[in-house]
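Working notes, beginning with the structure itself.
The values are calculated or read from the model by the stated rules, or taken from the named source; none is laboratory data. Just so it is clear, the model here is predicted, and its values are computed rather than measured. Because the Cβ atoms are built from the backbone with ideal geometry, glycine has one as well, and the counts that use them run over all protein chains shown. For accessibility, only protein heavy atoms count, side chains too; no ligands or nucleic acids. Shrake-Rupley method; radii C 1.70, N 1.55, O 1.52, S 1.80 Å.
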Amino acid sequence: MSVPGSTDVDRSDPARRAWVDRAVAVVEADAHRSADTHLLSYPLPPEWGIDLYLKDESTHPTGSLKHRLARSLFLYGLCSGQISEGTTVVEASSGSTAISEAYFARMLGLPFVAVMPASTSEEKVALIEFHGGRCHFVADPPEIYEEARRLAAECGGHFLDQFTFAERATDWRGNNNIAESIFEQMALERSPVPEWVVVGAGTGGTSATIGRFIRYRRFPTRLAVVDPENSAFLPGYTSGDRDCTTGISSRIEGIGRPRVEPSFVPTIVDRMIGVPDAASLAAMRHLAEATGRRAGGSTGTNLWGAFALVAEMLRAGVQGSVVTLLCDGGERYAHTYYSDEWVAGQGLDLAPAAATLRRFTETGEWAPPG
Ligand SMILES: Cc1ncc(COP(=O)(O)O)c(C=O)c1O
């Protein structure tokens, strides 16, 4: 029906809407079938009066914290009218997000293309292809954004663009986001409201969600963001320059970026901690020794930052709890971070950091190398 005498453009398309309705229902059903991820207690000496927890995001169906983001980005695209039947979905990703997005694309019967640096681990490429995705490699990592935009425009597809939309697509007020899940799972602990939550930043979406949720629910908890070598987040945060770039990729997959990504929200970050790559990998291996759980490098970065804050609380006589994330499983890094040959090839010596971790475990003292 058109309104006589006025410019009236009716684009309603019942068949298209029906497909979107079914697609949203399928994505919601996947969430309904999925159990929430565990909050693991890390073994610290009880007499310290400080408890440390790891939110184990490796137990998601696609093995990382990015399962949540991928679900949010697909719902955001579907409900914004940008994804419909037959749309080719494209993403720029260092791997984890693309693995999760390939899973949702296949669930919706949509072609998926992941644009990624040629250096991405073979394990991650295999997982994207296992979920039916196609990998498109670029030699120079900073090119992934424009190449993904170009590919999407070329095929009339949709660029999910995690780096721009991560902070927007996730409901930071609740809806079982990662922060709400953490605080609910802490409710029966001896220190239910953590002093610190410690996370890394890739898109910045996870830290944005947690920082906003903490303020929205008026918790006194502070947010610390850890950053690996060569990343622009810490220097950008320190100088206040959002255009800060390093032009160099991080060696810790999933976190640290050559530029300050649009989804990074520095105004809700209470503290940033730089973590050397050798320390990240030493902490990742320390976690496997202490708990039997193999995780990825970004979990090591988180743990190093969390230990430093626990030691600081201990020195200050502050009791309470600290929460961090186990972002993905170690099986993805068998040929890199868990390979002594690869680590040596990177010129990394993990021994000094491993000594720091042993001393911390035994005494609570924090004496980082160098
Ligand atoms: C393994 C891993 N850890 C941490 C992160 C950081 O998460 P975010 O992008 O929400 O900042 C990512 C992001 O890609 C990741 O893949």
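Out of the DSSP beta bridges found with both residues in the chain, what percent are antiparallel (nearest 5)?
Details: 7 of 37 bridges.
Bridges in the chain that DSSP calls antiparallel: roughly 20 percent.
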**OP:** Name the long-range amide H neighbours of Arg294: under 5 Å, sequence gap of 5 or more, or other chain; modelled H, no Pro or chain starts.
**Re:** Gly330
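Please give me, ordered by residue number, the trypsin sites (Lys or Arg not before Pro) of the range 1-88 that lie in loop per DSSP and have at most 12 other Cβ atoms within 10 Å. Mind showing how you got there, number by number?
Numbers: sites: Arg11, Arg16, Arg17, Arg22, Arg33, Lys55, Lys66, Arg68, Arg71; in loops: Arg11.
The qualifying sites are Arg11.
Find out how many positive minus negative residues lie around Ala187, taking Lys and Arg as positive, Asp and Glu as negative, among other residues whose Cβ is under 15 Å from that of Ala187. Before the final figure, lay out the partial values.
Values: positive: Lys55, Arg190, Arg217; negative: Asp36, Asp51, Glu180, Glu184, Glu189.
Value of the local net charge: -2.
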**OP:** Could you look at the range 66-166 and say what percent of its accessible area is carbon and sulfur, using a 1.4 Å probe and all protein chains?
**Re:** 53
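Take the solvent-accessible surface of the protein heavy atoms, probe 1.4 Å, and return the percent of it on the range 227-312 that carbon and sulfur atoms account for. Kindly include the intermediate steps, with their values, before the conclusion.
Values: 1420 of 2930 Å².
Ligands and nucleic acids excluded, carbon and sulfur give 49 percent.
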Subject >> Sum of side-chain charges, Ala201 neighbourhood, beta-carbon under 9 Å (Lys, Arg +1; Asp, Glu -1) >> reply: -1
**OP:** Starting from the range 102-198, pick out the GluC sites (Glu not before Pro) whose DSSP state is loop and whose Cβ has at most 16 other Cβ atoms within 10 Å.
**Re:** Glu189
Original post:
Residues with beta-carbon under 12 Å from that of Val260, excluding Val260: net charge, scoring Lys, Arg +1 and Asp, Glu -1?
Top reply: -1
Original post:
Cα axis of helix 14-33 to longest principal axis of the chain: angle in degrees, 0 to 90, nearest 10?
Top reply: 20
**OP:** Taking every pair of alpha-carbon atoms in the chain, give the share separated by more than 30 Å as a whole percent.
**Re:** 38
Original post:
Give or take rounding to whole Å, what are the principal axis extents of the alpha carbon atoms in the range 66-166, in descending order?
Top reply: 34, 24, 22
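Placing unit charges on C-beta atoms (Lys and Arg positive, Asp and Glu negative, everything else neutral), compute the dipole magnitude of the chain about its Cα centre in debye, rounded to 20. Could you put the intermediate results ahead of the total?
On the way: 34 positive and 46 negative charges, 141 e Å.
Roughly 680 debye, rounded to the nearest 20.
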Subject >> Folded to 0 to 90 degrees: helix 66-79 orientation relative to the chain principal axis, Cα >> reply: 20
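Could you grab the relative contact order for the range 66-166? Cα pairs under 8 Å, six or more apart, rounded to a whole percent. Intermediate results must be reported in sequence, preceding the final value.
On the way: 169 pairs, mean separation 33.8, N = 101.
Relative contact order here is 33 percent.
Explain nothing, just the number: relative contact order of the chain, from Cα pairs under 8 Å at least 6 residues apart, as a whole percent. Each step should come with its number before you reach the end.
Details: 705 pairs, mean separation 59.4, N = 370.
Reported relative contact order: 16 percent.
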Original post:
Per residue, how much accessible area does the chain have with a 1.4 Å probe, in Å²?
Top reply: 43
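For the chain, what is the calculated [θ] at 222 nm in deg cm²/dmol (nearest 500), taking -39500 (n - 2.57) for each run of four or more DSSP H residues and dividing by its residue count? Write out the running numbers ahead of the final one.
Working: 13 runs with 156 residues, N = 370.
Here the helix-only value at 222 nm equals -13000 deg cm²/dmol.
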